[in-house]
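Report on the following structure.
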Amino acid sequence: MLFGLSIMVTLALLAALVTTGLMRERRLHLIVFFPTAASLLSAIYLAEKLGQAHRFSPTLLSVHLPIAISTVVVLLPTIATGILRWNRPSYVRPHRYCVIAFLALAVLALGTGLLLLLGPHQDV
Ligand code: HEM
C-alpha cells in the first residue's frame, strides 16, 4: 500500500521534473529534482522491503534487477549533465540523451516490477 503510494508520488514528481525541464523553468526544475530523488530512493527502499518479505519468480527477478540497478546508475550521469547544462549550452544533448535513457529504463523497471508483483509469489 505504502509502496504503491510511493510509486504514484514518484511518477507525479518525475512528470513535473520533465515538464519543468522542457518548459526551461530552471529554478522549478531544480526545486522539483530534490523531492523526486528522495521519493525515488524511498520507492527503491520499499521495493527492497517487499523483496525481503516475498519470494518472487527468479526468472522475472533476473530481468527486473539489472534494469532497476541500471536505472539508478544512469541517474548519476543525468544529474551530472544537468549540473553541467546549467552554465553550458553545449550540454543540451548529453543531458537530453541521459534523460531519455533514464526514463526508458525507469519505465522498463516499473513494468517488470509490476509483472513481479502480479505474477506468482510466496510470503517468506
Ligand atoms: C532524473 C533527473 C532529471 C530529469 C528527468 C531531467 C529532465 C530534463 C528535461 C526533459 C529537460 C529538457 C531537455 C531538452 O530540452 O531537451 C531538462 C533540461 C534541463 N535540466 Fe534536467 N532533468 C533531471 C535532472 C537535472 C538536474 C539534477 C539538473 C541540475 C542541477 C538539471 C538541469 C537542467 C537544465 C539546466 C536544463 C535546461 C533548462 C533550460 O534550457 O533552461 N536537470 N531536464
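Values in this text are rule-based calculations from the coordinates and carry no lab data. All values reported here derive from a predicted model rather than from experimental measurement. Because the Cβ atoms are built from the backbone with ideal geometry, glycine has one as well, and the counts that use them run over all protein chains shown.
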- [ ] Tabulate in residue order the Karplus-calculated ³J(HN,Hα) for segment 6-11, using 6.51 cos²θ - 1.76 cosθ + 1.60 with θ = phi - 60°, rounded to whole Hz; enter x for Gly and Pro.
- [x] 5, 5, 4, 4, 4, 5
Open item on the list: Let's test the formula: R0 of 30 Å, r as the Cβ-Cβ distance of Leu117 and Ile79. What FRET efficiency results, to the nearest 0.05?
Closed with: 0.60
Task: From phi via Karplus (6.51, -1.76, 1.60), per-residue ³J(HN,Hα) for segment 14-31 in Hz, x at Gly/Pro - done: 5, 4, 5, 5, 5, 4, 5, x, 5, 7, 6, 8, 4, 4, 5, 4, 5, 4
Open item on the list: Report the gain in length on full extension from Asn87 to Phe34: 0.36 nm times residue separation, minus Cα-Cα distance, nm rounded to one decimal.
Closed with: 17.1 nm
Task: Efficiency of FRET from Cβ geometry, Met1 and Leu61, R₀ 22 Å, rounded to 0.05 - done: 0.50
Open item on the list: Taking θ = phi - 60°, what integer Hz values does the Karplus form 6.51 cos²θ - 1.76 cosθ + 1.60 yield along segment 87-102, in sequence order, with x for Gly and Pro?
Closed with: 10, 10, x, 5, 8, 4, 5, x, 5, 4, 5, 5, 4, 4, 4, 4
Task: Ala104-Ala12 pseudo-label distance in nm [points 7 Å out on the Cα-to-Cβ vector] - done: 2.9 nm
TODO: Quote to one decimal, in nm, the extra length available between Ala53 and Arg27 on full extension: 0.36 nm per residue of separation minus the C-alpha distance between them.
DONE: 5.3 nm
- [ ] Report, largest value first, the span of the C-alpha coordinates of the chain along each principal axis, in whole Å.
- [x] 51, 24, 17
TODO: Starting from the amide H of Glu25, placed 1.01 Å from N in the peptide plane, find each other amide H under 5 Å away whose residue is 5 or more places distant or on another chain.
DONE: none
TODO: Please name which of Phe33, Thr71, Gly4 has its Cα lying farthest along the dipole of the chain towards the positive end, using unit charges on Cβ (Lys, Arg +1; Asp, Glu -1) and the Cα centre as origin.
DONE: Phe33
- [ ] Tell me which residues come under 5 Å, amide H to amide H, from Arg55 once H is placed; ignore anything under 5 positions away on its chain.
- [x] Gln122, Asp123, Val124
Task: Net charge dipole size for the chain [Lys, Arg +1 and Asp, Glu -1 on Cβ; Debye, nearest 20] - done: 580 debye
Open item on the list: Order 3-13, 114-124 from most to least packed using the mean count of other Cβ atoms within 10 Å.
Closed with: 3-13, 114-124
Task: Net length gained if the chain between Arg96 and Tyr45 were fully extended (0.36 nm per residue, minus Cα distance) - done: 15.6 nm
